[in-house]
1. Quick check on this structure: which one of Arg47, Arg25 is basic (Lys, Arg) and either at positive phi or at pLDDT below 95 (or both)?
2. Cβ contacts < 9 Å: first residue assigned to a helix (DSSP H, G or I), restricted to segment 17-33; second residue of a type in the set (D, E, K, R) and modelled with pLDDT under 95, any location; separation 6+ or different chain. Result?
Amino acid sequence: MFKLHIMTASAGYNATSIQPQKGFRIHLIVFLLSTPAIWLVWYLTDRTYPWPLWSTPAWAVGVLFHYLGVYVFKKSKTHNIKA
């Protein structure tokens, strides 16, 4: 009924083909679209405790660190460490 596809090296998956900038943009777009939806759910349900105040800043910190990892502290592709 359901078929599980696992990307492996033999299936053409290559870790160097992943674009970190694209991954960050997707993360940011999902954050920007999901956060208002989360707040809307809070607003339309029980407004006694603002529980999105926990998830929104926590996720924002995750987006910030994702940004820093992609654009500020990016690894050199030619830098290889050999033990």
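1. Values: Arg25 fails: either at positive phi or at pLDDT below 95 (or both).
Only one candidate passes the filter, namely Arg47.
2. Partner pairs satisfying both residue conditions: Pro20/Lys74.
Okay, residues lined up against (1) more than 12 Å from the chain's Cα centre (by Cα); (2) modelled with pLDDT of 95 or more:
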| site | (1), (2) |
| --- | --- |
| Met1 | yes, no |
| His5 | yes, no |
| Ala37 | yes, yes |
| Leu40 | yes, yes |
| Leu53 | yes, yes |
| Pro57 | yes, yes |
| Gly62 | no, yes |
| Leu68 | yes, yes |
| Lys82 | yes, no |
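The values are calculated or read from the model by the stated rules, or taken from the named source; none is laboratory data. Since this is a predicted model, take the numbers as computed values, not measurements. FYI the Cβ positions are ideal-geometry reconstructions off the backbone, even for glycines, and counts take in every protein chain you see.
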